[in-house]
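Take a look at the structure below.
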Amino acid sequence: MYLHLLYNDDDQTGTGSNDSHYIEPRTEGDLNADIVGVAKLRDALLKHFQLIHTATSSSSYVSAVIKDMPDKQQDFLHLFEKWAPDAWVQPYTGKAYYLIQSKYHVSSKQSSRQKDSSIPELITTIQTTSNLGFAGRLAARLNDLYESSQEEFPDQQPMSSRSLQDFLTLIRSVPGITHPQIVLTYEGNIRAEWTKSHTKHFAVEFLGDNRTKFVIFAPDTNNPYRINRVSGFSTLASLLEIAFPYNVLSWAVDNQYHAA
Amino acid sequence: MKGDKLPDADHVTRYCGFTQLKPDGTPSGAAFRLRDFANGPEEYLSVNWIELLDPVNRSSAIDQIRTILARKRTMGSLAKLAVINVGYMCSYVHTNTEDSRSLRVLHEPDPVDPSHSGVHGLKLEDELIADLIAQTIEELHTAKVT
C-alpha cells in the first residue's frame, strides 16, 4: 500500500504548481498501522472527506480526498502525528496537504513487503477501515474461525496470517464484491467461496505470499447447458484475469458494479 | 472385511469440523480433502460406513459413529457428520471430472472403529473433486455425542 499525498504549495509560492509524493510505510509490513491511520483520519474529519472509488481490471483505489484542507491543516497534521508515527511520518514543511489517497494494489510487489501480522489486528482493520457493506459480518466470521482453529488444534492448523492478508487484499481490491462464505483449510488457509448454485461456484484458497488455489464451476458462455469446471494455481494478481472468462463476477460482484 | 468395496446403495459419514463448515452450516469442499502430514499425504479420505453398524436404523448407526469417533479424536461442539450415498458420490465425480475420475470406497476397519472406511482415488491437489463431493451430501447430523 502507498500513501499518496498530493499537496499544493500555492500558499507559499503562489505558483499554483501541483506536486505529489508517494510515501511507502517507513516500517515494512506495517500495513495495519497505515490502514487504521487512514480510517481514523477519515472518521475524525469525516465532513471534510470525500471517498472516491476507481478501478481498473487489475487494481482498485479508494481515495480519501480532503476538502477545504487549508482551514483544517493544523487538525490534520496533529492527527497525522498522533496515529501513525512510525509509518506515516513525512517531513512536511508547513505545506497544505490536499489529498490523502490509500491505494490498494493486487500485485506481486505488494506481497514482497508482506510480513506476518497479528490476526486479531488484521481482523480489526476490516471494521475500522473497510468500506465493505459486510465488514461486521466478515470480521465476526473470521474471529469465529480464528478461535475455533485454536480449539481444534492439532486436527486443524491455526489460521495463517499471510493467507488472511492476501484474502483481505483481494476483497478490498474488487469494488462491489459480495460476501463470500469463508472456511479454513486443514492447513489454516482462508478459503473464500462465492457459490450461487451447484453450477455457479468460485472458490479461492489463499496460500499466502501472493499464491492462490482456485476452483470454478460455471456455465459455458457459448452453451449454457454445459458446465465448465476448472481448478488450478494462480498468483493473487492474476486470479481475476483467469476467472474473468468464466463470468464469475456475475455472481461474485453486485450487479451494479458488474454491469459497470 | 478390509478392502471390501462398499455397496453403491450404502452410505458413509464424514466428520466435518466447524472450521470447514460454511456460515450456512453446510460443509465446504475443504472438508473432503486429503491432508498432507509430515510423513506423507493421507492415503484415502476417512469415512464411516453407516449400514455396517445398523442397516435399518440410521439414527442408531449415527449414534454409534459419534461414540466411536469420540474415542479417536476431539469432537468439536459445532462439528457435523455429513451423510453421503456411496454410488451417487462416485457417479457424480466420474461424470463431472475431465479425467472421469473413478473413486472407490473401501472398508478400512480398525480395532476401535469397525465401520471405518476410505474413499480412494483422490490426490492432494483434488480441490475440484472435493468440491464435487461436497455437492453430494444428503444429510447433516451433529457430530458430538449429545
#### Entry: Residues being part of a strand (DSSP E or B) and polar (S, T, N, Q) - total across the range A:184-218
3
### Query
Could you list, in sequence order, the residues of the range B:1-37 that are in contact with a helix residue (DSSP H, G or I) (Cβ under 7 Å, 6 or more places away or on another chain), of a type in the set (Ser, Thr, Tyr) and open to solvent by 20 Å² or more (accessible area, probe 1.4 Å)?
B:15
### Query
Somewhere in the range B:38-59, is a residue aliphatic (A, V, I, L, M) and touching a Gly at 6+ places or on another chain (Cβ under 8 Å)?
yes
### Message
For the range B:104-122, check the following and say yes or no: at least one residue is of a type outside the set (Phe, Trp, Tyr), within 14 Å of chain A (Cβ to nearest Cβ) and either open to solvent by 60 Å² or more (accessible area, probe 1.4 Å) or in contact with a His (Cβ under 9 Å, 6 or more places away or on another chain) (or both).
### Response
no
#### Entry: Within the range A:156-173, considering residues that are away from chain B (no Cβ under 14 Å) and open to solvent by 20 Å² or more (accessible area, probe 1.4 Å), the one modelled with the lowest pLDDT
A:172
### Summary
residue B:38 vs (1) small (Gly, Ala, Ser); (2) in contact (Cβ under 8 Å) with a residue 12 or more places away in the chain; (3) within 14 Å of another protein chain (Cβ to nearest Cβ): all pass except (2)
#### Entry: Complete set of residues in the range B:38-56 that are open to solvent by 30 Å² or more (accessible area, probe 1.4 Å), farther than 14 Å from residue B:13 by Cβ and either assigned to a helix (DSSP H, G or I) or not aliphatic (A, V, I, L, M) (or both)
B:39, B:41, B:42, B:43, B:44, B:55
### Which numbered condition residue A:184 fails, given (1) touching a residue at least 24 places away in the same chain (Cβ under 8 Å); (2) open to solvent by 10 Å² or more (accessible area, probe 1.4 Å); (3) aliphatic (A, V, I, L, M)
(2)
### Message
I want to confirm something. Restricting to the range B:62-74 and keeping residues that are within 13 Å of chain A (Cβ to nearest Cβ) and touching a strand residue (DSSP E or B) at 6+ places or on another chain (Cβ under 7 Å), which single residue is surrounded by the fewest Cβ atoms within 10 Å (Cβ to Cβ)?
### Response
B:72
### Message
Just to check your reading of the model, which residue among B:91, B:100, B:59, B:77 is open to solvent by 40 Å² or more (accessible area, probe 1.4 Å), more than 16 Å from the chain's Cα centre (by Cα), within 22 Å of residue B:139 (Cβ to Cβ) and more than 12 Å from chain A (Cβ to nearest Cβ)?
### Response
B:59
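The values are calculated or read from the model by the stated rules, or taken from the named source; none is laboratory data. Computed from a predicted structure; not experimentally measured. Quick reminder, even Gly has a Cβ in these numbers, built from the backbone with ideal geometry, and neighbours come from all protein chains shown. When the accessible area is computed, the model is the full protein with side chains, heavy atoms only, and any ligands, DNA or RNA have been set aside. Shrake-Rupley method; radii C 1.70, N 1.55, O 1.52, S 1.80 Å.
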